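The values are calculated or read from the model by the stated rules, or taken from the named source; none is laboratory data. Fair warning: this is a prediction, and the values are worked out from it, not measured in the lab. So basically every Cβ, Gly included, is an ideal-geometry build from the backbone, and we count neighbours across all protein chains shown. Ligands, DNA and RNA are stripped out before the accessible areas are found, and what is left, the full protein with its side chains, is counted by its heavy atoms. Shrake-Rupley method; radii C 1.70, N 1.55, O 1.52, S 1.80 Å.
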Amino acid sequence: MSNPLNNAEIIKNQNELAAIIENVSDGICIFDKSGQYIIFNKSARNIFFPNNQSLSKLTDAYKQPCFYGIYGENIEPANNPTQMIMRGEQFKERKMTVRLSHEILDINVSGTPIYDENGIFSLGVLSIRDTTDSRRHEEAIKRRFEILNRVVDTFDLPLIRLSCPNLKIIDINKKAYSAIKLINSNITSIDQIKDNKLYNLFGKLKTIEYYQCMREALEEKKTKYLYALKNLINGIVIYWNVIFEPVLEVNGEVQELLILIVDVTPEIKSVKVMENELKMQGEFLVNISHELKTPLNVIFATAQLFSMYCTTDTLDKNKASIIKYIDCIKQNSYRLSKMINNIVDLSKIEAGFFKLKLTNNDIVKFVEDIVMSVTNFTDSKGLNIVFDTNLEEKIIAIDTEKIERVVLNLISNAIKFTDKGDEIVVSVIDNDKFIDISVRDNGIGIEDKYLDIIFDRFKQVDKSLSRNAEGTGIGLSLVKSIVELHDGNIHVKSKFGKGSNFIVTLPSVNVLKDDPLYNSEVRSMDQNILVELSDVYS
Ligand code: ADP
């Protein structure tokens with residue numbers, strides 16, 4: 001009778017089994033009772049002998065203490081996996097490192113002793129899985145998360161992390177903490193926020209839309225948005241864009257839900273301002289076209305009349321009315337001129353092209369001269385105009401042409417909104433470092449609700465309330481801009497039905513050097529008055 005085969009021989013001879021072992025993705029090492037390795041499959045060879053060293057050196061792996069603990073600590077020879085198996089111990093997925101000449105690998109080692117029919121240890125099987133790559137991968141992910149966490153915390157946008165599926169707060173960044181503190185004054189620490197539901201923290205803010213979006217983000221596993229959500233926080237309207245971002249696990253399940261809040265209040269408010277501005281510009285265009293057309297129509301009609309006189313040879317006969325009509329053409333040309341000047345100047349100021357030509361002038365005499373030059377006009381309207389001052393003389397730096405327009409504009413308005421027998425008082429008052437020029441009338445006055453808007457571009461108080469109210473609504477806006485270019489300011493005091501007082505405050509300063517060029521400019525005060533008062537001529 002032939003000797004029964006021992007286990008080692010059986011395995012050696014079983015080619016099929018050997019082929020399977022050879023191709024298993026884990027490293028399989030089998031050794032006999034003397035500790036002599038008899039099988040090292042391909043994966044094991046790749047781990048221990050990537051350079052295809054010959055199997056004769058296999059036992060080196062056993063002889064050399066190449067196994068270490070997970071932190072690289074030495075393992076007692078007696079606790080070497082081979083020794084443990086030879087002692088009959090069985091173990092599963094022990095984490096270790098193996099230090100080889102070329103690198104250090106992370107491995108999970110499982111060991112099984114195999115006994116013969118007499119219960120005597122005959123073979124040891126070591127199964128080794130190289131986990132280096134997955135460990136490196138995990139570390140990379142961890143590092144990425146750490147960076148992400150740091151970024152999130154220093155992020156300038158509020159960010160809230162919610163657990164799934166119970167939607168409780170896991171964490172929030174500093175910015176979100178400040179935002180929640182604003183909404184809910186009872187919150188005093190981040191810990192108080194954690195593990196809470198959003199609706200517990202958002203106080204009076206409605207969270208229905210948030211929860212709707214969260215549900216959709218979880219169901220569809222897609223980013224969801226709430227745009228320009230209007231919130232009233234401590235009496236202030238704030239607009240948020242809220243982004244709901246599901247964070248998916250490797251298996252595709254939603255792990256967390258991130259809520260990112262972007263404060264879009266400035267954008268939304270500027271859009272509203274812009275819309276308002278465009279609306280006002282639209283209204284202005286309609287208004288200005290009407291205002292430009294009126295004098296043009298008059299001029300056009302007069303021209304037609306003149307041509308009729310010519311064709312009917314009645315020029316001489318109509319001389320008196322022709323002279324009247326020529327005045328009418330002039331008057332309407334002045335009105336056109338004033339409107340065009342105002343529009344051009346306002347555009348120049350807005351574009352930053354409007355430059356002052358400052359010269360030192362006696363403001364008292366300057367304003368008094370303007371008042372004197374309009375007396376003929378106010379007399380003809382049955383109005384009384386008075387100049388008043390507490391100063392003899394005061395030299396300050398002004399752009400004479402521009403300040404003349406400011407004063408004439410205020411006087412023109414005073415004339416527009418007064419009635420026969422009313423009084424206009426123009427004063428120059430010394431106010432230490434400033435000079436006040438006031439134009440006061442006892443005309444129709446302005447309702448309180450309009451006081452804030454009359455200096456805005458294109459704003460006019462309802463025309464039905466104001467008499468003789470020709471104009472485009474840019475006069476006071478231009479006056480304000482010119483005064484501000486002088487580093488001054490303008491304000492109005494008015495009582496509806498009693499009259500108005502416009503006060504221009506100019507700094508009492510001089511320019512170091514008068515530019516003779518500016519002073520030598522030829523300007524005709526009469527011409528300016530005709531232009532500036534053109535819309536109140538009758
Ligand atoms: P406009 O060129 O149409 O006169 P302004 O900017 O000069 O425009 O004035 C804006 C509005 O302010 C006027 O339409 C008028 O309603 C009001 N206003 C200005 N000055 C006076 C005043 N002295 N008395 C009453 N209302 C005034």
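Key figures for this structure:
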quantity	calculated
Within the stretch 298-329: backbone nitrogen closer than 14 Å to the Ser380 label point (7 Å, Cα to C-beta)	324-329
Relative packing of 184-191, 165-172, 257-264, which averages over residues the other C-beta atoms within 10 Å, highest first	257-264, 165-172, 184-191
Given charges at Cβ of Lys, Arg, Asp, Glu: the chain dipole, positive-most of Ile446, Ile183, Leu218	Leu218
Mean residue ellipticity (222 nm) of the chain, computed from DSSP H runs ≥ 4 via -39,500 (n - 2.57), nearest 500	-13500 deg cm²/dmol
Potential lengthening between Ile147 and Val511 on full extension [0.36 nm per residue; Cα-Cα distance subtracted]	125.1 nm
Size of charge dipole - the chain - debye, nearest 20, with Cβ of Lys, Arg +1 and Asp, Glu -1, no other charges	820 debye
Radius of gyration and maximum dimension Dmax of the stretch 133-215, Cα, Å	15.0, 51
Tilt relative to the chain, helix 363-380 - C-alpha long axis, 0 to 90 degrees, to 10	60 degrees
Largest-first ellipsoid semi-axes for the stretch 129-277, taking √(5λ) over the Cα gyration tensor eigenvalues, angstrom	32, 17, 16
Per residue accessible area of the chain, 1.4 Å probe, in Å²	57 Å²
Estimated dipole of the stretch 147-300 in Debye, rounded to 20 [Cβ of Lys and Arg +1, of Asp and Glu -1, Cα centre]	360 debye
Degrees between helix 132-154 axis and first principal axis of the chain (Cα, 0 to 90, nearest 10)	20 degrees
Overall Cα dimensions of the stretch 389-433 - principal axes, largest extent first, Å	35, 24, 15
Computed lengthening from Tyr227 to Lys357, 0.36 nm per intervening residue step minus Cα-Cα distance	41.8 nm
Principal-axis tilt of helix 319-351 within the chain, Cα atoms, nearest 10 degrees	30 degrees
Share of alpha-carbon pairs per 5 Å distance bin for the stretch 307-422, given as whole %	2, 9, 12, 15, 15, 14, 11, 8, 6, 4, 2, 1, 0
Value of Rg/Rh across the chain [Cα atoms, Kirkwood radius]	1.41
Of Met339, Thr311, Val426, farthest towards positive along the dipole that unit charges on Lys, Arg, Asp, Glu beta carbons give the stretch 280-428	Thr311
Cα-based equivalent ellipsoid of the stretch 177-252: semi-axis lengths in Å, sorted from largest, via gyration tensor	24, 17, 10
Gain on full stretching of the segment that runs from Asn186 to Ser289 - 0.36 nm per residue minus C-alpha separation	31.3 nm
Order by protection proxy (mean Cβ within 10 Å, highest first), peptides 500-507, 360-367	500-507, 360-367
Among 107-116, 403-412, the order from most to least packed when residues are scored by Cβ within 10 Å on average	403-412, 107-116
Anisotropy class of the stretch 78-118 from Cα gyration tensor, a/c 1.5 cut	prolate
About the Cα centre, charge dipole magnitude for the stretch 224-360 (Lys/Arg +1, Asp/Glu -1 at Cβ), debye	1240 debye
Positive-end residue of Leu485, Leu159, Gly282, charge dipole of the chain with Cβ unit charges	Leu159
